[in-house]
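Read the structure below first, then the notes.
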Amino acid sequence: MPIQPLLDSETAARNMAEKQPRYTPQEALIEANRCLFCFDAPCIMACPTGIDIPSFIKKIANGNPTGSARTILTANVLGASCARVCPTEVLCEGACVVLDLEGDPVKIGRLQRYATDYVFDHHIDVLQAPAKKNGKKVAILGAGPAGLGCAAELAQLGYETTVFDKKKEGGGLNTYGIAYYKMPPEISLDEVKMIERLGVKFQYGVEIGKDLTINELEKNYDAIFLALGLGGANRLGIPGENLPEVVDALEFIEWIHTKPLHEVPVGRRVAVLGCGNTAIDAVSQSKRLGADVATIIYRRGEDDMPAYGFEYELAKNDGATFHFHTIPTEVLAENGHVKALRLVRTETRDGKVQIISGSEWTEEFDLVLKAVGQEKQSSAFDKLFPGLKLDRKGRVEHNPETMATSVPKLFVGGDCANGGREVVNAVAEGKKAARGINVLLTKQKVTGPIQPSRHGTKDGALGSGFNHPIRVPELLAAMSS
C-alpha cells in the first residue's frame with residue numbers, strides 16, 4: 001500500500017529538532033577560553049575557506065560576537081550553514097592542538113554557530129558591497145553553495161551579479177538536501193537573504209537551456225559561473241526500480257524540507273541503498289519520522305563505507321540497522337506498490353564485489369531510498385557549452401587556481417567540478433572563481449583568505465585524523481609539563 005505520514009506534529013517536531021542546542025553566552029565564553037589562540041593555527045589550514053579561527057574565537061572570548069561573525073562570514077559567507085553541516089571532526093576540530101592535550105578539541109563548529117546566529121538573530125549585516133558598481137555583469141548558474149559563494153564575493157568586488165536557479169528558492173542542497181535535524185532550511189534561506197542585501201539578484205524557476213539560452217547569457221553578461229551541481233540518482237538497473245515507493249534519497253530529504261514534518265510520508269520498513277553521508281541522513285530521518293525499521297543496505301563492508309564515522313554512530317544511536325556485504329537484485333511488488341527486496345550476500349575479491357552463490361533471501365520493505373550516487377551532467381553540459389572539456393569521471397575540467405574552464409569567460413565550481421564534496425569546499429571554489437573572474441575582467445588580483453585544505457598531506461600529524469605541515473612540539477611540551 002502507499003506510504004503515509006506516521007507521526008503527529010508535536011512528535012515529528014521534537015524528533016527532528018536540531019541535534020545540538022546553541023550555546024548560551026556563558027557556555028560560549030567558557031568554550032572560547034579553552035582555545036590556545038595558536039599563532040600558526042593548524043585549524044585554519046584545515047578550513048578550505050581559510051577562516052581565521054583563533055581570531056573569531058578570541059572575539060567571542062572578549063564579548064564581541066558581531067566582530068566574530070564578521071571574521072567568519074568574510075571568509076565563508078555560508079558560515080552559519082557550515083557551522084552545522086561541516087565535518088568539523090575531520091577538519092578544523094580534527095586539527096585542534098587542544099585535542100592532543102586534553103582529548104577533546106575546542107568546539108569550533110558550535111562557537112561558529114554562536115557568533116553567526118547572533119548577527120542573524122539581531123539582524124546585523126556584517127558584510128557590505130561598494131556603493132558604486134564597476135560596470136561589469138556576471139551570471140551565476142545555480143543558487144547552491146558554490147553559486148552563493150561566488151555571487152557574494154563578486155558583489156563585494158562591485159559586480160552586478162544575477163543568480164539563476166530552477167528551484168523556487170535559493171540555497172541548493174543547503175535548503176533542500178541537508179538532514180533537518182542538522183539544519184532546518186530557514187538557516188540557509190537567511191543566508192540567501194543576506195546575499196540579496198549585498199545587491200545580488202536572484203531569478204528562480206529558470207531552467208538554463210530552456211527558459212534562458214546560453215547565447216542570451218553570453219550576450220548580456222561579461223562572464224558566467226557554472227554551478228549546476230550533479231544530476232539525479234544513479235539507476236539501480238534491477239526489476240521493480242520504477243515502482244512509486246522507490247525514491248531518490250535526496251528527493252525524500254526534500255520532502256522533509258518542503259512539507260510540514262507531520263505530513264511527510266514514510267514507510268514502516270525503510271531500506272536505504274548506499275552508505276554515504278546522504279544515506280545516513282535518509283536512514284536517520286526515516287527513524288525520526290516514525291519508521292519501525294530503517295536499514296542501510298551496502299554492497300561492501302563497514303570499513304569501506306564512504307560515510308564519516310561520527311555519522312555512522314549517529315545513525316546507530318537513532319536505531320538504524322545495517323546490512324553490509326549485501327545488494328538488492330529485485331524490488332518485489334504487491335498491487336503495484338513496494339512489498340519487499342530480494343537481497344543477496346556479497347564478498348570482496350581483489351577489490352571487486354562478488355555475489356555469493358546461494359545466499360539470496362527476501363526481506364519486507366515498503367519504501368526504498370536510493371543513495372547510490374548522482375549522475376554526472378555530461379550530456380547536459382555538452383549541449384549547453386559545446387567545447388567544454390570534461391574529465392573521464394564527467395567533471396568539468398578547470399584551472400585549479402582560477403576555476404576557469406576550456407570555454408572562454410566560463411568558470412566553474414561545486415559538485416560539477418569536484419564530483420561532490422562538502423559545502424565549505426563549494427564555497428571556497430565559488431570565491432576562487434569570483435577572484436578568477438575579477439582578474440580576467442579587471443586585471444586586478446584580490447588577496448585574502450581562500451586556503452585549500454591540507455587534509456591528508458604526508459607531513460607530521462597533530463590532531464586525531466588530521467595531517468598538516470605545522471608542528472608545535474615546543475608548545476606541546478610546555479603545556480604538558
Gyration tensor (Cα only) of the range 300-424 to equivalent ellipsoid, semi-axes in Å sorted down, yields 37, 19, 16
Amide hydrogen neighbours beyond the local backbone of Val372, cut-off 5 Å, H modeled: Asn234
Keeping all protein chains in place and using 1.4 angstrom, which order do Phe411, Phe39 fall into by accessible surface area, from largest down? Phe39, Phe411
Please state the Cα pair-distance histogram of the range 23-167 with 10 angstrom bins from zero: what percent is in each bin? 12, 38, 31, 15, 4, 0
Just tell me which lysines come within less than 17 Å, Cα to Cα, of Lys393; anything on the same chain fewer than 8 places away is out. Lys376
I need to check one value: relative contact order of the chain, counting alpha carbon pairs closer than 8 Å and at least 6 residues apart, in percent. 20 percent
With every protein chain present, what accessible area does Lys167 have (1.4 Å probe, heavy atoms only), rounded to the nearest 10 Å²? 70 Å²
Radius, Kirkwood style, for the range 391-446 when every pair of distinct Cα atoms is counted (Å): 11.4 Å
In the set (1) 87, 65, 58; (2) 78, 58, 53; (3) 66, 65, 50, which value of Cα extents along the principal axes in Å was calculated from the structure you see? (3)
Give me the one-decimal nm value for the distance between modelled label points at Leu189 and Met1, 7 Å along each residue's Cα-to-Cβ direction. 3.3 nm
Of Lys136/Lys409; Lys287/Lys316; Lys287/Lys370; Lys19/Lys193; Lys168/Lys201; Lys259/Lys316, pairs whose Cα-Cα distance is over 19 Å: Lys19/Lys193; Lys259/Lys316
When each of Lys352/Lys383; Lys210/Lys443; Lys133/Lys182; Lys137/Lys166 is checked by Cα-Cα distance, pairs over 27 Å: Lys352/Lys383; Lys210/Lys443; Lys133/Lys182
Unpartnered Cys in the chain, judged by a 4.7 Å Cβ-Cβ cut-off, are Cys35, Cys38, Cys47, Cys96, Cys150, Cys275, Cys416
Quick check for you: with a 1.4 Å probe and neighbouring chains kept, what is the accessible area per residue of the range 1-99, in Å²? 40 Å²
I need the semi-axes of the equivalent ellipsoid of the range 253-313: take the C-alpha gyration tensor, multiply each eigenvalue by 5, square-root it, list largest first in whole angstrom. 23, 12, 9
Spherically averaged projected area in nm², based on the convex hull that wraps the Cα atoms of the range 1-47: 6.9 nm²
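The values are calculated or read from the model by the stated rules, or taken from the named source; none is laboratory data. Predicted model, so just to flag it, every value in this text is computed and none were measured. Positions of Cβ are generated from backbone atoms using ideal geometry, with glycine treated the same way; all protein chains shown enter the neighbour counts. Ligands, DNA and RNA are stripped out before the accessible areas are found, and what is left, the full protein with its side chains, is counted by its heavy atoms. Shrake-Rupley method; radii C 1.70, N 1.55, O 1.52, S 1.80 Å.
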